[in-house]
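Colleague: First the structure, then my questions, so here it is.
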Amino acid sequence: MSWRIKLSNWLSNGILDKYQRKIELAKTKLNQTESELESLKIQLQQSQLEQKQTLAQLQINQGFQIELAEKQIQLQQIKAQLHQCQSQLQQKQEQLENSQTQLQQTQTKLVNSQDWLQQIQTPIKILEVKRLPQKDFEALWGFGIGSPVPQSQAIAGSILFKGWVLGKKSPAKKVRITYQGQMLIETPVEQSRPTITEYYPDIPAAANSGFETPFSITAMGSEAELELQAVLEDASVIPISIISLKR
């Protein structure tokens, strides 16, 4: 310290020295402040850099989110297509099953047709035409079977049933053909029979006492017995004949 400064400090009772120390302290604080400011600048730059990196990462994440949303949409579309394919596959399977069922039905019909053809090609022999005894003599005046006749043969699987029946206590309305207790066919009694009128001239119903009907028996076995029944107007059922058949 120069003598002038010392002299000034002595004359000012040390005030100058105090100011000098304050100036030094202020310089020190200024240097610290400048250092802190520089540090803050560096931190600010780092923060800005981190912010830029964060923004860049955010943009990348947003891109990933957009891509993810697109992938989800594509996945939904694929699922919809898969569901549609499954529905189409199920429809095709149902169509295939229907086709297989139709094929089986067609094959069954073909087999049945072949069986039917074989049956109608096989002649049917009439073994016996048996008149059944009448238990109620007041039921019928009489009856007769003109066709089929014993030892004859039927062709094409069809037999002509022809005859007459004349009711006594009640008019005969129908003739029923049964097999094993089941009705096969009924035919009306209405055919003209002039010959029967000659035998029963006093009975008006004799003029139209005839019946006639063809009947196919292809569905029966190799041997069968058919029963003919007269059905009267009062619902009485009178068995009149048993016809024995053989293929």
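Bear in mind that the values in this text are calculations on the coordinates, not laboratory data. Source: prediction; values computed, not measured. Here Cβ is always computed from backbone atoms with ideal geometry, including for glycine, and neighbour counts include all displayed protein chains.
Colleague: Which residue, Q107, P194, Q81, has the largest displacement toward the positive end of the dipole of the chain when charges sit on each Cβ (Lys, Arg +1; Asp, Glu -1)?
Modeller: Value: Q81.
Colleague: Right, here's the next one. If packing is taken as the mean number of other Cβ atoms within 10 Å per residue, what is the order of 68-79, 203-214, highest first? Present the calculation step by step, with values, prior to reporting the outcome.
Modeller: Values: 68-79: 10.1, 203-214: 18.0.
The peptides rank, most packed first, as 203-214, 68-79.
Colleague: Considering the alpha-carbon set of the chain alone, what are its Rg and its Dmax in angstrom?
Modeller: When restricted to the Cα atoms of the chain, Rg and Dmax are 60.6, 188 Å.
Colleague: Of the options L40, A139, Q180, report the single residue whose Cα projects farthest towards the positive end of the charge dipole of the chain (beta-carbon charges: Lys, Arg +1; Asp, Glu -1).
Modeller: L40
Colleague: Can you find, among I126, V237, P204, the residue sitting farthest towards the positive end of the charge dipole of segment 124-246, where Lys and Arg contribute +1 and Asp and Glu -1 at Cβ?
Modeller: Final value for the positive-end residue is I126.
Colleague: Right, here's the next one. Compute the angle between helix 15-121 and the longest alpha-carbon principal axis of the chain, please, reported from 0 to 90 degrees and rounded to the nearest 10.
Modeller: 10
Colleague: OK, next. When only Cα pairs under 8 Å and 6 or more residues apart are kept, what is the percent relative contact order across segment 124-246?
Modeller: Here the relative contact order equals 32 percent.
Colleague: Mind computing the radius of gyration and Dmax over the alpha-carbon atoms of segment 124-246? Å is fine for both.
Modeller: 14.2, 45
Colleague: Among K71/K92; K18/K41; K130/K173; K130/K169; K27/K52; K125/K168, which pairs are too far apart, with a Cα-Cα distance over 27 Å?
Modeller: Long pairs (Cα-Cα over 27 Å): K71/K92; K18/K41; K27/K52; K125/K168.
Colleague: Given the rule -39500 (n - 2.57) for each run of at least 4 DSSP H residues, summed and divided by the residues of the chain, what is its mean residue ellipticity at 222 nm, to the nearest 500 deg cm²/dmol?
Modeller: -18500 deg cm²/dmol, from helical runs alone.
Colleague: With a 10 Å Cβ neighbour count serving as the proxy for reagent exposure, in which order, fewest first, do D136, D202 appear? The partial results should precede the final answer.
Modeller: On the way: D136 10, D202 6.
The most exposed by this proxy come first: D202, D136.
Colleague: If we count every other residue with Cβ under 15 angstrom of Q77's Cβ, Lys/Arg +1 and Asp/Glu -1, where does the sum land?
Modeller: +1
Colleague: For segment 174-224, take every pair of Cα atoms, bin their distances at 5 Å starting from 0, and report each bin as a whole percent.
Modeller: For segment 174-224, the pair-distance distribution reads 5, 19, 20, 16, 13, 11, 10, 5, 1.
Colleague: On a straight-distance basis, which lysines could pair with K174 in a cross-link, Cα separation under 16 angstrom, same-chain partners fewer than 8 positions away excluded?
Modeller: Cross-link targets: K162.
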